[in-house]
Amino acid sequence: MSNLLTASIGRKLLMSVSGLFLILFLFVHLFLNSFLLLDGVFGFERGQMFNAGVHFMGTNPLIKIIEPVLALGFILHIVYSLILTLQNMKARGPQAYASGKKTSGVEFASQNMLVLGIVIASFLAVHIINFYMKMKGFIAWEAGEVEFPFLGNMAKGEDAYSLVNATFKILPIVILYVVGSVALAFHLSHGFWSGFQTIGWNNTKWMPRLKCISNIVAIVLGGGFAVIALAQYLFF
Amino acid sequence: MENTINITLKVWRQNGPKEKGRFETYKLANVSTDSSFLEMLDMINEQLVNENKEPVAFDHDCREGICGMCSLYINGRPHGPDDDVTTCQLHMRKFKDGQTITIEPWRSAAFPVIKDLIVDRRAFDKIIAAGGYVSVNTGGVPDANAIAIPKVDADEAMDSASCIGCGACVAACKNGSAMLFVSAKVSHLALLPQGRVEGARRAKAMVAKMDELGFGNCTNTGACEVECPKNISLSNIARLNREFLSAKLQD
């Protein structure tokens, strides 16, 4: 185990594991976001499901433990992506090919993971200021108190739904969120299967399967976030 | 009837490893479309020698696609516009009359230019050497059927072993990574029982040498697999990762 991280494959393992962990987080995130649209389906008043979800995420002790781990996951993934990219640029050498690169059949996303990552990180910064900082009390906002059903009882909490709904009434923000989601979809379409490849879970049989699952993950997550933002803008 | 084409060549010229390189343009007339790319380069060199100029230096040996000596980055692709062939197997019929053909050496920090189109690929030899030996029993010749090997494994090992170490994977890689090469070399031994004995040590040693020589980190873009003249599969890289990580876990 010693000096695993000094090896290229060790550093790649860190990228892979942190990336796959972040994908798990994204699924939880999307699941809670879906509450924004589902009140009508389950017969709740508008915003009740989402407010209950936010209340759960804000009060559950398990979430409080996992939160710093998640932050560490983001930091590792970003820091190591920069380290690896710098090493790769050095390994590539200063001289570019005058006749360009005409290799066909190489995924767009795979060649532009850093750029896509930078787009996602920029989006993430705006996203954290928009919601996370407010819901966590770092930025002051006028939180109306509302009642909602919570684990069989009625609970009181901040009206996070109104904050989300009001934010998604601003067209430039919705556009930014859709752009962020599309970048995320492309990033994941390569990142998911590449993560498994790096762990070593791949062979000629699993390659097409993993690539297929990768595309599904990308469409579900990227498409899901984009559709929810657009639906909030258009119908809620 | 034989077809001929007239072409313009843009060739990278560099006098030595430390010298600054530049492109030079040559015109070549009446090139048979049946001739090979290296025969065309022989023609240009003959022309240059007749003009009392220095011929273009380029690597070549067997000229039948099995030695891995020829290289050349031609019009944006390692080994040129044809698929699954080395430069020596490339025909001039793949080019059009009047076309400009740009010829560059492999570009990678671990493959420094020696002269013109020749790069120093000894880094690959060093990785092979780091792989070390394979244990063989002494004594009488064992029965060939004594160790049963599944056909699938035998085929995959042979496919991996077809790597000729030309370096096209490194040349095509945006990260200057040698993972396809190293994974092919680790795989063709790891898939067979004879190679399992030193499997863990070999994976660690070859990856360590690869890192030490300044090759980049693989991001699984797959450009190497597309440009490999021997169709070495990207799944070898997954096997190398598996071999390396499980070897490290045992330490």
Handout entry: Answer from B:ALA238, B:ALA171 - the residue that is within 10 Å of another protein chain (Cβ to nearest Cβ), under 25 Å from B:ILE118 (Cβ atoms) and among the small types (Gly, Ala, Ser)
Key = B:ALA171
Exercise for the section: Could you tell me which numbered condition B:CYS166 fails, if it satisfies all but one of (1) open to solvent by 70 Å² or more (accessible area, probe 1.4 Å); (2) touching a strand residue (DSSP E or B) at 6+ places or on another chain (Cβ under 9 Å); (3) not β-branched (Val, Ile, Thr)? Expected result: (1)
Handout entry: Any helices (runs of 4 or more DSSP H) falling wholly within the range A:1-115 and containing at least 1 residues that are touching a residue at least 60 places away in the same chain (Cβ under 8 Å), within 11 Å of chain B (Cβ to nearest Cβ) and open to solvent by 30 Å² or more (accessible area, probe 1.4 Å)
Key = A:8-33, A:61-92, A:108-111
Practice task
Specify which of the listed residues (B:ALA154, B:ALA130, B:ALA123) is touching a helix residue (DSSP H, G or I) at 6+ places or on another chain (Cβ under 6 Å) and part of a helix (DSSP H, G or I).
Solution key: B:ALA130
Practice task
Out of the residues in the range B:144-157 that are within 14 Å of chain A (Cβ to nearest Cβ) and open to solvent by 70 Å² or more (accessible area, probe 1.4 Å), state the one that is nearest to the chain's Cα centre (by Cα).
Solution key: B:VAL152
Practice task
Give the number of residues within the range A:28-60 that are among the hydrophobic types (A, V, I, L, M, F, W, C) and over 15 Å from A:VAL146 (Cβ atoms).
Solution key: 9
Problem - Criterion (more than 14 Å from chain A (Cβ to nearest Cβ), free of Cβ contacts under 8 Å to residues at least 12 places away in the same chain and open to solvent by 60 Å² or more (accessible area, probe 1.4 Å)) met by exactly one of B:ASN15, B:ASN52 - result: B:ASN52
Exercise for the section: For the range B:106-124, indicate whether the set of residues that are surrounded by 10 or more Cβ atoms within 10 Å (Cβ to Cβ), within 20 Å of B:CYS224 (Cβ to Cβ) and in contact with a Leu (Cβ under 6 Å, 6 or more places away or on another chain) is non-empty. Expected result: yes
Exercise for the section: Keeping to the range B:70-89, report how many residues are in a loop (DSSP other than H, G, I, E, B), open to solvent by 20 Å² or more (accessible area, probe 1.4 Å) and not β-branched (Val, Ile, Thr). Expected result: 5
Practice task
Considering every residue within the range B:173-185, establish whether at least one is in contact with an Asp or Glu (Cβ under 8 Å, 6 or more places away or on another chain) and open to solvent by less than 60 Å² (accessible area, probe 1.4 Å).
Solution key: yes
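Residue-wise test of (1) closer than 21 Å to B:ARG122 by Cβ; (2) open to solvent by 20 Å² or more (accessible area, probe 1.4 Å); (3) in contact with a Gly (Cβ under 7 Å, 6 or more places away or on another chain).
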position	(1), (2), (3)
B:TYR26	no, yes, no
B:VAL31	no, no, no
B:GLU39	no, yes, no
B:MET43	no, yes, no
B:ASP61	yes, yes, no
B:GLY68	yes, no, yes
Exercise for the section: Taking B:ARG107 as the residue in question, decide whether it is within 24 Å of the chain's Cα centre (by Cα), outside any loop (DSSP other than H, G, I, E, B) and of a type in the set (D, E, K, R). Expected result: no
Handout entry: Residue selected from the range B:195-235 under the condition at the interface with chain A (Cβ under 7 Å from one of its Cβ atoms), within 20 Å of B:ALA129 (Cα to Cα) and not aliphatic (A, V, I, L, M), by the criterion surrounded by the most Cβ atoms within 10 Å (Cβ to Cβ)
Key = B:PHE215
Exercise for the section: May I ask you to verify whether B:VAL141 is hydrophobic (A, V, I, L, M, F, W, C) and loosely packed, with under 13 Cβ neighbours inside 10 Å? Expected result: yes
Practice task
Test B:ILE101 against the stated conditions and say whether it is modelled with pLDDT of 95 or more, within 20 Å of B:PRO229 (Cβ to Cβ) and either among the basic types (Lys, Arg) or not in a helix (DSSP H, G or I) (or both).
Solution key: yes
Fill in the blank from the handout: Restricted to the range A:159-204 and to residues being within 14 Å of another protein chain (Cβ to nearest Cβ), open to solvent by 10 Å² or more (accessible area, probe 1.4 Å) and in a loop (DSSP other than H, G, I, E, B), the residue farthest from B:VAL207 (Cα to Cα) is A:THR204
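The values are calculated or read from the model by the stated rules, or taken from the named source; none is laboratory data. From a predicted model like this one, the values you see are computed outputs, not experimental measurements. Cβ: placed from backbone, ideal geometry, glycine included. Neighbour counts: every protein chain shown. Surface accessibility is based on the protein's heavy atoms, side chains included, excluding ligands, DNA and RNA. Shrake-Rupley method; radii C 1.70, N 1.55, O 1.52, S 1.80 Å.
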